[in-house]
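Below is one structure; the comments refer to it alone.
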Amino acid sequence: IIGEHLRICPQGYTCCTSEMEENFANKSRSEFEAMMKEAGRSVQMTLTAQHRSFDSYFQDLLNKSEKALYDAFPNIYGELYTQNMKVFKDLYSELRRYYRGSNINLEEALNEFWTRLLERLFKLLNPQYHITDEYLDCMVKHAEQHKPFGEVPRDLKVKATRAFIAARSYAQGFLVGSDVVKKVSQVSLSHECTRAIMKLMYCPHCRGMSSVKPCNNYCLNVVKGCLANQADLNTEWKYLMDSLVGVADRIDGPYNVDTVIGTIHMRIAEAISNLQENKDSLTAKVFQGCGNPKISTKGSSSEDKKRRGKATLEPKSSAQALEMLVLDAKGNLTALKTYWITLPGSLCSKKVMASSAADDKCWNGMTKGSYLPEVMGDGLANQINNPEVEVDITKPDMTIRQQIMQLKIMTNRLGNANVGNDVDFQDASDDMSGSGSGDSCPDDVCGKRLSKSPSTRQPETHAIPKQSGHGINGASSRSLPSAFLLLLSVAFIAAQHLWR
């Protein structure tokens, strides 16, 4: 029939009524959006699988270290352990909460552990004296300058903070990447894009050419126009992938989580042994500074209950497993770097089944023949002269711009983790609150601090997606780089409304 009634397809002789054309338009829209979601799900699955693998490995490493401590310490230390079990349990509990993103100052948590342990052990090692809480406060002030646990607290603080900072940023990076893909893949097509997709996929049917495939370059122009905003994710997406690779190298290198996390129980045992060996000189120095405590009326027969000797503990590590995890992750991250700019080509070749670029018998949008226009570049700015899709380059998609900002924030966080700086994760899905977590510091700086002095620096605060992947919760930023990015985002969004 004569196609004067057609609003999208060429108005020559046609097999389609107006109703058929409308049905085809709806069908093409739903099919293309399904293609986008399917492509996105593949990337989401890759990223969430990497997160699960590392998370499982890291949690298992921490669990094994804790179990080794619980299994060995009763026999090694007797009452020194059994009467102080809660101190050790609390430490591992705090370490887990920190890794999961809770607002915990990691340095303060470690300092608190050593302080509580020193107070408890000093009383147990001197049972003949009545030691009050006030005396313990004085004891801590005088004892810490004499390093009762040796160099272990300082060394563990430096290494553990770096390892935990890297580990939790690394794990969250995969979740943020997956969440961004999910949100972007759900962005609806514009009216102009729906028309262009219909013309690409189903107008050949209306011309009686259902077996003729679209020309490849024609398909690329349509899809690049439709996914112009998505392609603008490319730069920040690549930065995120590169940042994750960088932190992966740290995790399996200088900040080796396998060595650090798998030996926490051994370092604690070493520290306790140092305290036992230095008990007499430490006690003398404390008595000199705080005075002699009163003799206990209860007496003591606990000397035979003390256990001495070096702990013979094994590290709970799996270096080969970590190496394989990192290698696998780096391979996947490298493969995903160009996802957003290769997506149009992937959809055209695998989903739309476009014909070869040199084919002169393909559907060019009007008839069967060659497609002559050049292929547009990637991104919104390059679509100003797109011959197939009318794209308003002055009106970026706000959802996608927000996701670009999330990528920037996460990349900034990973950059901090890469150099050992702490950041604060705030997740409203947890019943957790607080002011933040402490920063790590270089060896030459940490060496000048007393272990009793917690870091007072306020770390950066960013929003992170819930671990279930159901969205991103807002949070404020305390660091200048991230605050600047967020302010820039607000200004940009406001400008978009003015342009409209």
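The values are calculated or read from the model by the stated rules, or taken from the named source; none is laboratory data. It should be emphasised that the depicted structure is a prediction, and the values quoted were computed from it without experimental measurement. Don't worry about glycine lacking a Cβ; one is built from the backbone with ideal geometry, like all the others, and counts go over all protein chains shown. Note: areas computed on protein heavy atoms with side chains; ligands, DNA, RNA excluded. Shrake-Rupley method; radii C 1.70, N 1.55, O 1.52, S 1.80 Å.
Only residues that are more than 39 Å from the chain's Cα centre (by Cα) and surrounded by fewer than 20 Cβ atoms within 10 Å (Cβ to Cβ): list them for the range 177-212, please. 205, 208, 209, 210, 211, 212 - these are the residues of the range 177-212 that are more than 39 Å from the chain's Cα centre (by Cα) and surrounded by fewer than 20 Cβ atoms within 10 Å (Cβ to Cβ). Figure legend. Inter-residue proximity from the range 92-115: first residues without any contact (Cβ under 8 Å) to a residue 60 or more places away in the chain, second residues open to solvent by less than 20 Å² (accessible area, probe 1.4 Å) and not in a helix (DSSP H, G or I), beta-carbon distance below 9 Å, spacing 6+ or different chains. Indicated pairs: 94/102; 94/104; 96/102; 109/437; 109/438; 110/438.
On inspection, residue 91 does not qualify as buried (at least 22 other Cβ atoms within 10 Å of the Cβ), modelled with pLDDT of 90 or more, in a helix (DSSP H, G or I) and not aromatic (Phe, Trp, Tyr). Looking only at residues that are more than 31 Å from the chain's Cα centre (by Cα) and open to solvent by less than 50 Å² (accessible area, probe 1.4 Å) in the range 322-358, which one is modelled with the highest pLDDT? Among them, the one singled out is 348.
Of the residues 101, 150, the single one that is of a type in the set (Gly, Ala, Ser), open to solvent by 10 Å² or more (accessible area, probe 1.4 Å), under 30 Å from residue 257 (Cα atoms) and outside any helix (DSSP H, G or I) is 150.
Scanning the range 1-30 for residues that are closer than 18 Å to residue 364 by Cα, over 43 Å from the mean Cα position of the chain (by Cα) and among the polar types (S, T, N, Q) yields a total of 2.
So which residues in the range 72-110 are within 31 Å of the chain's Cα centre (by Cα) and polar (S, T, N, Q), if there are any at all? Result: 93, 102, 103, 105. Please go through the range 130-178 and pick out each residue that is of a type in the set (Val, Ile, Thr) and touching a strand residue (DSSP E or B) at 6+ places or on another chain (Cβ under 7 Å). Selection gives 176 alone.
The residue pairs whose first member lies in the range 276-294 and is farther than 21 Å from residue 150 by Cβ, whose second member is among the hydroxyl-bearing types (Ser, Thr, Tyr), and whose beta carbons are closer than 7 Å, counting only pairs six or more residues apart or on different chains, are 290/135; 293/129; 293/135; 294/129. Among the residues of the range 18-58, those that are polar (S, T, N, Q) and either in contact with a Gly (Cβ under 8 Å, 6 or more places away or on another chain) or in contact (Cβ under 8 Å) with a residue 40 or more places away in the chain (or both) comprise 28, 44, 46, 48, 50, 53. The helices (runs of 4 or more DSSP H) found wholly in the range 219-290 and carrying at least 1 residues that are open to solvent by 50 Å² or more (accessible area, probe 1.4 Å) occupy 234-251, 257-261, 264-277, 279-290.
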